[in-house]
Amino acid sequence: MEQRHLGRTGLRVSRIGLGTLTWGRDPDEHDAADLLKTFWEAGGNLVDTADVYGDGEAEYLLGRLMDGLVPRRDLVISTKAGSVPDPDRRFDGSRGHLLAALDASLTRLGTDYVDLWHVHAFDAGTPLEETLQALDLAVSSGRARYAGVSNFCGWQLAKAATWQLAAPGTRTRLACTQMEYSLLQRGVEREVLPAALDLGIGLLPSSPLGRGVLTGKYRTATPADSRGASEHFAPFVEPYLDETASRIVDAVATAADGLAVTPLQVALAWVRDRPGVVAPVIGARSAQQLTAALSVEALSLPDEICRALDDVSAPVHRYPDHDWSTL
């Protein structure tokens, strides 16, 4: 698998990442072991998790699998902190919470450091400079090698990255941002992606297959064994089962038929090769699903296919994103 630099850093990661959002719920330990081994044997190294995935079980399971199955040195482990199970405060970006959460993540993972540590979301109740100081302390103490953010909108990302570049003292440059991005969700193109490109921040797209909808599995019905049919994940999938999404999925399927590949491969190749993208993060439930996704490595979409998919999925971006004189 090809590798790419993570933003404007020297860290290189596989251009497809393995996500663990459902670990601790869907894949059991045996299935998770198959996923990790399949990914590693294909040349993948970026494994993404978070302290809240499976209430910590995802990190714990990943830590157990690294103990003997896959060498720690071969993996780029990415985790996140800041989401909290508090209905009155969904995100806690305070320095105390973030650093305590990182220590707990390291314990569950069974490692002395993570390669990449994200603030999971913007916390309006904490001064941004305090949140960012936690990243500086994590890197300076060796507990994290690189730092990034997740789910920051355009102005939040630009402010955070500029603070890290301009504030006095030794600051940790933001290496990346993780955001949902797919043919069904192109909102990051409005302000997040332009800010990331300008500031040298790599984008790690989550849900690059539109929460599974872009595979075409929901075109006629909801499969009984799919996440869309599960009690826990059905609300996650449902927003992408509308008429607009259906037109985009049909276009992806048409392109796939013309190229003699699968809709999954078309949708994943499209987002993988978008400007600013480093590595889409795939959340497969089985080694078979993961192998199907990794087969995209040899596929590059023809320009005319990319233009057609761009057109059918184009979001409405007008003032002030476009030059006002053209409106």
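The values are calculated or read from the model by the stated rules, or taken from the named source; none is laboratory data. Keep in mind that this is a model prediction, so the values were computed, not measured. So basically every Cβ, Gly included, is an ideal-geometry build from the backbone, and we count neighbours across all protein chains shown. Heavy atoms of the whole protein, side chains included, go into the accessibility calculation; ligands, DNA and RNA do not. Shrake-Rupley method; radii C 1.70, N 1.55, O 1.52, S 1.80 Å.
Give me the mean projected area, in nm² to one decimal, of the convex hull enclosing the Cα positions of region 246-322. Walk me through the numbers before you get to the answer.
On the way: hull surface 25.2 nm².
Its Cα hull, projected and averaged over all orientations, spans 6.3 nm².
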Legend entry - 5 angstrom amide H check on residue 317, placed H, neighbours 5+ away: none
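For region 168-248, what does the accessible surface come to per residue with a 1.4 Å probe? Please give it in Å². Before the final figure, lay out each step's value.
Details: 3720 Å² over 81 residues.
Using a 1.4 Å probe on heavy atoms only, each residue of region 168-248 averages 46 Å².
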Legend entry - Nonlocal amide H pairs with residue 19, under 5 Å, H built at 1.01 Å: 48, 282, 283, 284
Legend entry - Along principal axes, Cα extents of region 1-43, largest first, whole Å: 36, 20, 11
Inset, instruction - Mind checking which of 283, 270, 293 is farthest towards the positive end of region 257-321's charge dipole, using Cβ charges of +1 (Lys, Arg) and -1 (Asp, Glu) about the Cα centre? - result: 283
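When only the heavy atoms of the protein chains count and the probe is 1.4 Å, how do 211, 318 rank by accessible area, highest first? It would help to have the intermediate numbers written out before the result.
On the way: 211 60, 318 150 Å².
Largest to smallest exposure gives the sequence 318, 211.
Per-residue counts of other Cβ atoms within 10 Å, averaged by peptide: what ranking do you get for 8-14, 57-63, highest first?
Working: 8-14: 17.9, 57-63: 22.7.
Highest to lowest by the protection proxy: 57-63, 8-14.
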Inset, instruction - Would you kindly find the accessible area of residue 1, with a 1.4 Å probe and non-protein molecules such as ligands, DNA and RNA excluded, rounding to the nearest 10 Å²? - result: 60 Å²
Legend entry - Distance from region 170-223 to region 40-105 (C-alpha centre basis), Å: 19 Å
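Counting only helical runs of four or more DSSP H residues, what would the 222 nm mean residue ellipticity of the chain come to if each run contributes -39,500 (n - 2.57) and the total is spread over all its residues?
Values: 11 runs with 122 residues, N = 327.
Result for the chain, helices only: -11500 deg cm²/dmol.
With +1 on each Lys and Arg Cβ and -1 on each Asp and Glu Cβ, and nothing else charged, work out how big the dipole of the chain is about its Cα centre, in Debye to the nearest 20. Don't skip to the end; give the middle numbers.
Numbers: 31 positive and 43 negative charges, 135 e Å.
So the magnitude is around 640 debye.
Just to be sure I understand: if I project the alpha-carbon convex hull of region 1-103 onto a plane and average over all orientations, what area do I get in nm²? If you can, show how the numbers build up before the last one.
Values: hull surface 30.1 nm².
The Cα convex hull of region 1-103, projected and averaged over all directions, gives 7.5 nm².
Projected area of the chain, taken from the Cα convex hull and averaged over every viewing direction, in nm²? Before the final figure, lay out the partial values.
Working: hull surface 68.7 nm².
Convex hull of Cα atoms, orientation-averaged projection: 17.2 nm².
Are there GluC sites (Glu not before Pro) in region 170-231 that DSSP puts in a loop and that have at most 13 other Cβ atoms within 10 Å, and which ones?
Of the GluC sites (Glu not before Pro), the ones in loops of region 170-231 whose Cβ has at most 13 other Cβ atoms within 10 Å are 231.
Once you have the alpha carbon radius of gyration of region 224-279, what is it after dividing by 2.2 N^0.38 Å, with N set to its residue count? Please report the intermediate quantities before stating the final value.
On the way: Rg = 13.6 Å, N = 56, 2.2 N^0.38 = 10.2 Å.
Dividing the Cα Rg of region 224-279 by 2.2 N^0.38 Å gives 1.33.
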Legend entry - Shape metrics for region 66-194, restricted to C-alpha atoms - Rg then Dmax, Å: 15.0, 44
Legend entry - Label-to-label distance, nm, for residues given as residue 219 and residue 254 (7 Å Cα→Cβ offset): 1.2 nm
